[in-house]
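Beneath this line is the structure, given in structure tokens, with notes to follow.
Where a number appears in this text, it was derived from the coordinates with a stated rule and is not lab data. Values in this document were obtained by computation on a predicted structure and should not be read as measured data. Methodologically, a virtual Cβ is constructed for each residue, glycine included, from the backbone with ideal geometry; neighbour enumeration extends over all protein chains shown.
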Amino acid sequence: MFHYIEEQLRQSFAAFLSSTYGVDVPVVVEQPKQTSFGEFALPVAFALARQLRKAPRAIAEELAAKLPPNPGVASVEVAGNGYLNVRLDRGLYAAALLSGEGSSPAGAAAGKVIVEHTNINPNKAAHIGHLRNSVLGDTFVRMLRASGRPVEVQNYIDNTGVQVADVVVGFHYLEQKSPADVAALISQPRFDYYCWDLYARTSQYYTTNPDAIQWRRDTLHAIEHGEGVLAELGHLIADAIVECHLDTMLRLGIVYDVLPRESEILHLKFWARAFEQLKERQAVYFVDEGKNQGCWVMAASHFRDSATGEEGDDDAKVIVRSNGTVTYVGKDIAYQMWKFGLLGLDFHYKPLRTYPDGHEAWVATDEPCELPAPAFGGGAEVYNVIDSRQSYLQDVVVAGLRALGYASQADHSIHFSYEMVALSPRTCIELGIALSEEDRKRPYVEVSGRKGLGVKADDLIDKLIEKAKAEVDSRHPAKPEEERLRIATQIAIGALRYFLLKFTRNTVIAFDLQEALSFEGETGPYVQYAAVRARNILRKLAERGETLPEFSAALDSAAMHRQLQAEDFWQLLLAASKSGTALASALSAGEPSHMARYAFQLAQAFNAFYHDYPILAEENPEKRTFLLWLAVYFKEQLERTLEQVLGIPVPEYM
């Protein structure tokens, strides 16, 4: 509601300025730093001063006198050197909240948004760094949908890359296992864990046996061309690991719409068509000599302002290697073109899995399927959730679009970057990771899947659940075991998601188990507990044999106005009603951390309200009804922010 009025003010002021003065200036609506100044502050008089050749305060006084009545606005006052402070009609504002007015998302920009996230190499178990990618991506999707945007969630599967090839090398050359042997391993639990260890062992083998790198080259070629036992192994391993990853992410409430696969980008000639376009537009050129001899490269001038752009530039990016294999970035250019509907080609699709809520995830395939699939791709905006270390490659992908003449699509191709996740030393110790004395003194410890040093995502989730379960057991020993485990799981997921979200994307995170699970401070359990407390008020009401009043009948705008004369109540209501503003700010900044912060502030406000006002003991009937309504409104806002936007479940108790 707050955001709705904010937008209405912006539009009405812009229309008034245009009709009265014949000027079009951006109307900025701010929130005053001091609550005594009202709910909104408009510095528009300062923007008009030069055009109207008047002092800002004189303009502000003129505006305040001429402005037509605005529904819901109690007064417009001139302040300082020319600010316009807007005060809302408190009774009408609360009555509008009660009726649900302004609760629907404002009209959003047209066109589907595609968000690609997770995209873990299907060669081993997911680790904690992958969790940051997935939680950020999933939360951003939820934010977009809450704003009214249609969103398609993609999880790109690089099933023909080096990482898959290395696991195939491990199975075929080091362990000498056949496809039947690998299929038998797949049928057993923790296949992704087995591959985790094998991948590290294969990487180590290369360091002591450098000639074995030819195995990787041969395997890559076989996988890309779909030839022989090596390709069969690659297909088996990648598909099985993808299923493991989907299971892991589902534990966090993360689901997908479609999983495009790199193999189909090759088999269905996506790359071939993109390559022809790149050559036709001279976006790539063939190198006859030098270190890139025999390669097709993109001149650095396309993606680096400082590059010379001359052929043979050492900074040029290889798109096709001298052996004819295409690099990751080349395939990604073709994929990005498909996302925008620029290739004139499409995948075939088949159902991959049905989630518990009935949602269907589809996977790309190179063979037609009888079942009709939704229309995938063709987005108006594309967000690629990929860590900041891939910024250079993402720049090359966007440069490819621009070099092909797709300037608009390049402008709407956004790298949603983030920094790495490390572990605090005490968390490493708690998870059984051996540390040197030097590492114990570091602020955080980096992990490496290639070296086998790291925390598998499922192990981390299990450890969080174990610790949360111990706390739940101590508080509620009489509750059924299955119920306590469910509650502990919800607390653990809330703790993990919130910790990964509360930092800005460009911040390196040192994940700490103890901090994440704390019931105090800016944590998931703290915010969850506020929502549980709100529910407890209604539970206690029911235990007394009472039901909630019919708020719309008992609280008209006059009653709301009387109660909201208390400044505490008014500020609490404003805080609870600013979810739309918080969401708009988070989307504009591309920062899910803003929504996490809003949830924390909302929880703080509710906890203060909970402590200061014993609702059920209130003797004044109107005030008691108002306090109950405010508690219900807080509960709904907390639940909506947590469950719908942040993906954090609210337990029955804690």
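For segment 393-408, the residues whose amide N sits under 17 Å from a probe point set 7 Å from the Cα of Glu276 along the beta carbon direction are 404. Name the lysines eligible as straight-distance cross-link partners of Lys469: C-alpha to C-alpha under 16 Å, and not fewer than 8 places from it in the same chain. Within reach: Lys479.
Here Phe551 and Asp197 are evaluated by their C-beta separation; at R0 = 51 Å the FRET efficiency comes out at 0.30.
When the label point is put 7 Å from the Cα of Tyr355 along its Cα-to-beta-carbon vector, which residues of segment 231-247 have a backbone N closer than 15 Å? 245-247, by backbone N distance to the label point. Only Cα pairs under 8 Å and 6+ residues apart enter the sum, and on that basis the relative contact order of the chain stands at 14 percent.
Applying the criteria of a DSSP loop state and at most 15 other Cβ atoms within 10 Å to the GluC sites (Glu not before Pro) of segment 74-151 yields Glu101.
Model label sites at Glu437 and Leu371, defined 7 Å from Cα along the beta-carbon direction, differ in position by 6.0 nm. The charge dipole of the chain, taken about its Cα centre with unit charges on the Cβ of Lys, Arg, Asp and Glu (plus for the first two, minus for the last two), comes to roughly 1320 debye.
Per-residue extension of 0.36 nm, minus the Cα-Cα distance of Lys291 and Tyr206, leaves a gain of 28.3 nm for this segment. Rounded to the nearest 10 degrees, the inclination of helix 457-475 to the longest alpha-carbon principal axis of the chain is 40 degrees. Remark: the Ser518-Glu619 segment gains 32.8 nm on full extension, using 0.36 nm per residue and subtracting the alpha carbon distance. Computed over every Cα-Cα pair of segment 524-646 and binned at 10 Å starting from 0, the pair-distance distribution P(r) comes out as 12, 43, 32, 11, 1 percent.
Rg and Dmax of segment 2-88, both derived from C-alpha coordinates alone, stand at 11.9, 33 Å. With semi-axes defined as the square roots of five times the eigenvalues of the C-alpha gyration tensor, the equivalent ellipsoid of segment 124-243 measures 32, 15, 15 Å, largest first.
Entry note: segment 47-117 has Rg to Rh equal to 1.18, where both radii use alpha-carbon atoms and Rh is the Kirkwood radius.
For the chain, the longest principal axis of the alpha carbon atoms and the long axis of helix 128-146 meet at an angle near 50°. Projecting the Cα atoms of Leu642, Val398, Leu572 onto the charge dipole of the chain (Cβ charges, centred on the Cα centre) puts Leu572 farthest toward the positive pole. Using θ = phi - 60° in the Karplus curve 6.51 cos²θ - 1.76 cosθ + 1.60, the 3J(HN,Hα) couplings for segment 64-80 round to 4, 6, 9, 4, x, x, 10, x, x, 9, 7, 7, 10, 10, 8, 9, x Hz; x is entered for Gly and Pro. Over segment 70-198, Cα pairs under 8 Å with separation of 6+ residues give a relative contact order of 24 percent. Each of Ile241, Ile509 has some number of other Cβ atoms within 10 Å of its Cβ, and from fewest to most they run Ile509, Ile241.
Of the peptides 429-438, 583-592, the order by per-residue mean of other Cβ atoms within 10 Å, starting with the highest, comes out as 583-592, 429-438. Does anyone have the angle between helix 328-339 and the longest principal axis of the chain? Alpha-carbon axes, 0 to 90°, nearest 10? Taking Cα atoms only, the helix is inclined about 50 degrees.
Relative contact order for segment 524-646: what is it in percent, counting Cα pairs under 8 Å that are at least 6 residues apart? In percent, rounded to a whole number, it is 43. Of the Cα atoms belonging to segment 347-475, the radius of gyration and Dmax stand at 21.8, 64 Å.
For Glu152, the amide hydrogen comes within under 5 Å of the amide hydrogens of Val113, Ile114, Val115, counting only partners 5 or more places away or on other chains and with H modelled in the peptide plane. Straight Cα distances below 13 angstrom link Lys177 to the aspartates and glutamates Glu232, with same-chain residues fewer than 8 positions distant left out.
Backbone amide hydrogens, once placed in the peptide plane, bring Leu352 within less than 5 Å of Ala361, Trp362, Val363, excluding anything fewer than 5 places away on its chain.
Taking the fewest neighbouring Cβ atoms within 10 Å as the starting point, the ordered list for Cys195, Cys369 is Cys369, Cys195. With a threshold of 29 Å on the Cα-Cα distance, the over-threshold entries among Lys350/Lys502; Lys33/Lys54; Lys441/Lys463; Lys124/Lys279; Lys33/Lys635 are Lys350/Lys502; Lys124/Lys279.
Sites listed here are GluC sites (Glu not before Pro) in segment 226-325 whose DSSP assignment is loop and whose Cβ has at most 15 other Cβ atoms within 10 Å: Glu227, Glu289, Glu310, Glu311.
Rg of the Cα atoms in segment 213-266, relative to 2.2 N^0.38 Å, amounts to 1.38.
In terms of overall dimensions, the C-alpha atoms belonging to segment 13-63 reach 33, 21, 15 Å along their principal axes, ordered largest to smallest. Annotation note: trypsin sites (Lys or Arg not before Pro) in segment 441-504 located in DSSP loop regions with a Cβ neighbour count of at most 12 within 10 Å are Lys441, Lys451.
Taking the charge dipole of the chain about its Cα centre, with +1 at Lys and Arg Cβ atoms and -1 at Asp and Glu Cβ atoms, the residue from Pro69, Phe16, His476 reaching farthest to the positive side is Pro69.
Given their separation in residues at 0.36 nm each and the Cα-Cα distance between them, Leu393 and Gln11 gain 133.5 nm when the chain is fully extended.
By the beta-carbon count within 10 Å of each Cβ, the least crowded to most crowded order of Met420, Met654, Met595, fewest first, is Met420, Met654, Met595. Measuring r between the beta carbons of Gln188 and Leu250 and using R0 = 25 Å, the FRET efficiency lands at 0.80. A crude spin-label estimate for the pair Val229 and Glu643, with each label 7 Å from Cα along the Cβ direction, gives 5.4 nm. Each 10 Å bin from 0 upward holds the following percent of the Cα-Cα pairs of segment 395-550: 9, 26, 25, 18, 13, 6, 2, 0.
Over the chain, what is the percentage of antiparallel beta bridges among all DSSP beta bridges, to the nearest 5? Among the beta bridges of the chain, antiparallel pairing accounts for roughly 55 percent.
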